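Engineer: Provided herewith is a single structure, encoded as structure tokens, for subsequent inquiry.
The values are calculated or read from the model by the stated rules, or taken from the named source; none is laboratory data. Computed from a predicted structure; not experimentally measured. With ideal geometry, Cβ positions are generated from the backbone for all residues, glycine too; neighbour counts draw on all protein chains shown.
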Ligand code: 13P
């Protein structure tokens, strides 16, 4: 088994999942502002340290995705944050994209940036203790404007391919996150069709970039109806569609799939993942890489 595959297994062993604590300072400022807390470097660290030291960390979290600020901070007990995470039986990861910017030529879509200088930054993050990385591509459905466009899917998938190759070159595991947002009035079948298109192009580009898919974790959205569609779909049906979509579009050698929560409530994200695991008839380990669905109650 390769070194990268060992890291994947360590992160996902015994039913553990990933805590996404890699909000940019802008997003974290909004989250803390929502509970009336000023967003200072100290408060951002205090909240995150509280999560990392919680009693269920050791049982439930195999990996933590950090933001650049946090990986360089020191805990209140003077530990380096990656060391603190390791002492809780978990592995430190790092968000390495520099955000989604407007895609020139298609102003209603986004392209994720951050490839320039990435090789050098990865070296630094490895030395700081990171053993996996994350890059998020983001897509939105607009039936009126026929989005996402083929061009945005190609451009973002290509970036995910190049990112993944660079991360593996640095002996780290890439988390490959192509997120189709829940926003919109579309029905669940459209989410299924568009997610399939996105996953197909993502794995085409990973192959073109010679990425070893046994050494990645896929972080996809679940197959869900648009937030404003009015459709009520059971967790059982969501699970069946999600598993079928992954079976049809993800190489069976991918070891692990860790879903994002994407604006689902904690209960919805948990119930849907539970059904996915009850019905899982694949070899994929299916788990969570939640941000909001692991942090909301703690934040409040
Ligand atoms: P959510 O679970 O809040 O969607 O966040 C996961 C994540 O890391 C998005 O990039």
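Engineer: Can you give me the number of residues within region 35-71 that are within 30 Å of residue 257 (Cβ to Cβ) and touching a helix residue (DSSP H, G or I) at 6+ places or on another chain (Cβ under 9 Å)?
Structural biologist: Total satisfying the criteria: 22.
Engineer: Is it the case that some residue within region 208-225 is part of a loop (DSSP other than H, G, I, E, B), crowded, with 17+ Cβ neighbours inside 10 Å, in contact with a strand residue (DSSP E or B) (Cβ under 9 Å, 6 or more places away or on another chain) and at positive phi?
Structural biologist: no
Engineer: Against the conditions (1) part of a helix (DSSP H, G or I); (2) crowded, with 22+ Cβ neighbours inside 10 Å; (3) out of contact with any helix residue (DSSP H, G or I) (no Cβ under 7 Å at 6 or more places or on another chain), where does residue 167 fall short? Just the number, please.
Structural biologist: (3) is the only condition that residue 167 fails.
Engineer: Which of the residues that make up region 279-300 are more than 11 Å from the ligand (Cβ to nearest atom) and either out of contact with any helix residue (DSSP H, G or I) (no Cβ under 7 Å at 6 or more places or on another chain) or not in a helix (DSSP H, G or I) (or both)?
Structural biologist: Answer for region 279-300, where residues must be more than 11 Å from the ligand (Cβ to nearest atom) and either out of contact with any helix residue (DSSP H, G or I) (no Cβ under 7 Å at 6 or more places or on another chain) or not in a helix (DSSP H, G or I) (or both): 280, 281, 282, 283, 284, 285, 286, 287, 300.
Engineer: Mind counting the residues in region 73-95 that are touching a helix residue (DSSP H, G or I) at 6+ places or on another chain (Cβ under 7 Å), farther than 20 Å from residue 167 by Cβ and not in a loop (DSSP other than H, G, I, E, B)?
Structural biologist: 1
Engineer: Any residue at all in region 258-275 that is more than 16 Å from the ligand (Cβ to nearest atom), at pLDDT 95 or above, in a helix (DSSP H, G or I) and in contact with a strand residue (DSSP E or B) (Cβ under 7 Å, 6 or more places away or on another chain)?
Structural biologist: For region 258-275, residues more than 16 Å from the ligand (Cβ to nearest atom), at pLDDT 95 or above, in a helix (DSSP H, G or I) and in contact with a strand residue (DSSP E or B) (Cβ under 7 Å, 6 or more places away or on another chain): absent.
Engineer: In region 16-51, which residue that is assigned to a helix (DSSP H, G or I) and under 17 Å from the mean Cα position of the chain (by Cα) is surrounded by the most Cβ atoms within 10 Å (Cβ to Cβ)?
Structural biologist: The qualifying residue surrounded by the most Cβ atoms within 10 Å (Cβ to Cβ) is 28.
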